[in-house]
Amino acid sequence: ETGVTQTPRHLVMGMTNKKSLKCEQHLGHNAMYWYKQSAKKPLELMFVYNFKEQTENNSVPSRFSPECPNSSHLFLHLHTLQPEDSALYLCASSRSAVGDYNEQFFGPGTRLTVL
Amino acid sequence: AQKVTQAQTEISVVEKEDVTLDCVYETRDTTYYLFWYKQPPSGELVFLIRRNSFDEQNEISGRYSWNFQKSTSSFNFTITASQVVDSAVYFCALSANSGYALNFGKGTSLLVTP
């Protein structure tokens, strides 16, 4: 595997379900990110992890819970979501969170539909 | 606060035409980075270029070129001799040294028809 991978690619869940999105980067990067992309809205940063430490939580509701067990893996745990949470969830990684080498490389995304 | 404006929502051109995608940014930081990403229908964001605020040299990569002008706070992207495979949504983004976020514009949807 190369680059940034995300699983599953598509997910349909009910509002009472619990599910997790997985992201893995094979680039040796130190920073990982979760973004949300909704129709007609700009990409929204959700969480940032730098060297496994969460450095930013962009006022995300608690029904989204991130986990970063190591620099290569990032999870987004979902529970009691709302239909408005339906979106494309993108994971990204970069060598550095700030400064030089901060260009982010994205995975293919998980298309989430909440019924 | 950082802001990126891509005023062109949709552009449609015929193959082999040149097309320029506009990007205007706002930031109070003196050190910042500008990016362009391409999002084809498959959904994955593809990194195209990064520019830091101290490097105003224009860049050319094949049919792609970028014009960075601090005086007008713009970082425009030109595709020369467009091809159908260039059809995608293109995002301009800004990252300031004071934070981690990539602040994205709303994107410009480019359609290249044969």
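Show me the GluC sites (Glu not before Pro) within the stretch B:34-75 that DSSP assigns to loop and that have at most 14 other Cβ atoms within 10 Å of their Cβ. Present the calculation step by step, with values, prior to reporting the outcome.
Numbers: sites: B:GLU44, B:GLU56, B:GLU59; in loops: B:GLU44, B:GLU56.
Those that pass, being in a loop and sparsely packed, are B:GLU56.
Top to bottom by accessible area (1.4 Å), largest first, where do B:ILE11, B:ILE79 land?
B:ILE11, B:ILE79
Whole-Hz Karplus ³J(HN,Hα) for the stretch A:54-66, in order, using 6.51 cos²θ - 1.76 cosθ + 1.60 and θ = phi - 60°, x for Gly and Pro?
Couplings: 6, 10, 8, 10, 7, 6, 8, x, 5, 5, 10, 10, x Hz.
Roughly how many Å² is the accessible area per residue of the protein assembly as shown, as a whole number, for a 1.4 Å probe?
Result: 48 Å² of accessible area for each residue.
Give me P(r) over the protein assembly as shown, computed from all C-alpha to C-alpha distances, binned every 5 Å, as integer percentages.
1, 7, 14, 18, 18, 16, 12, 7, 4, 1, 0
Filter the chymotrypsin sites (Phe, Trp or Tyr not before Pro) in the stretch A:1-64 down to the DSSP loop ones having no more than 13 other Cβ atoms within 10 Å, then list what survives.
Answer by residue number: A:PHE51.
Counting Lys +1, Arg +1, Asp -1, Glu -1, what net charge surrounds B:ARG50 among other residues with beta carbon under 15 Å of its beta carbon?
Its environment carries a net charge of -2.
First select every other residue whose beta carbon is under 11 angstrom from the beta carbon of B:LYS38; then total the charges, Lys and Arg +1, Asp and Glu -1.
-2
Go through the stretch A:10-19 residue by residue and turn each phi into a ³J(HN,Hα) via Karplus (6.51, -1.76, 1.60, θ = phi - 60°); whole Hz please, and just put x for glycine and proline.
Per residue, the Karplus-derived 3J(HN,Hα) values read 9, 8, 10, 9, x, 5, 9, 6, 10, 9 Hz.
Loop-only chymotrypsin sites (Phe, Trp or Tyr not before Pro) in the stretch B:26-114, please: DSSP not H, G, I, E or B, and at most 15 other Cβ atoms within 10 Å.
On the way: sites: B:TYR32, B:TYR33, B:PHE35, B:TRP36, B:TYR37, B:PHE47, B:PHE54, B:TYR64, B:TRP66, B:PHE68, B:PHE75, B:PHE77, B:TYR90, B:PHE91, B:TYR100, B:PHE104; in loops: B:PHE54, B:TYR100.
Answer by residue number: B:PHE54.
How much net charge surrounds B:THR9 when only other residues with a Cβ under 14 Å from its Cβ are counted (Lys, Arg +1; Asp, Glu -1)? Numbers along the way, then the final one.
On the way: positive: A:LYS40, A:LYS41, B:LYS106; negative: B:GLU10, B:ASP22.
Here the count lands on +1.
Search the structure for amide H atoms under 5 Å from the amide H of A:LEU81, placed 1.01 Å from N in the peptide plane, and list their residues when 5 or more places away or on another chain.
Excluding prolines and chain starts, which carry no amide H, the hits are A:ASN17.
Please state the charge dipole magnitude for the protein assembly as shown, taken about the Cα centre, from unit charges on C-beta atoms (+1 on K and R, -1 on D and E), reported in debye and rounded to the nearest 20. Write out the running numbers ahead of the final one.
Working: 20 positive and 22 negative charges, 120 e Å.
Approximately 580 debye in magnitude.
Please state, to two decimals, what the Cα-based radius of gyration of the stretch B:1-75 comes to when divided by 2.2 N^0.38 Å (N = residues).
1.18
About the Cα centre of chain A, how large is the charge dipole given +1 on each Lys and Arg Cβ and -1 on each Asp and Glu Cβ? Please answer in debye to the nearest 20.
400 debye
Computed on protein heavy atoms with a 1.4 Å probe, what is the summed buried accessible area for the chain pair B and A, in Å² to the nearest 100?
By this definition, chains B and A bury close to 1800 Å².
Say a site is exposed when it is one of the trypsin sites (Lys or Arg not before Pro), sits in a DSSP loop, and has at most 14 other Cβ atoms within 10 Å; what is then the longest site-free stretch of chain B?
B:64-114
From the phi angles alone, apply the Karplus equation (6.51, -1.76, 1.60; θ = phi - 60°) to the stretch B:102-107 and give each ³J(HN,Hα) in whole Hz, x where the residue is Gly or Pro.
Rounded to whole hertz, the list is 8, 8, 8, x, 7, x.
Quick check: pseudo-label points 7 Å beyond the Cα along Cα→Cβ at B:GLU59 and A:ASP100, how many nm apart are they?
1.4 nm
The values are calculated or read from the model by the stated rules, or taken from the named source; none is laboratory data. Since the model is a prediction, treat every value here as computed from it, not as a measurement. Reconstructed Cβ throughout: ideal geometry from the backbone, glycine too, with neighbour counts over all protein chains shown. Side chains included, ligands, DNA and RNA excluded: accessible areas come from the protein's heavy atoms. Shrake-Rupley method; radii C 1.70, N 1.55, O 1.52, S 1.80 Å.
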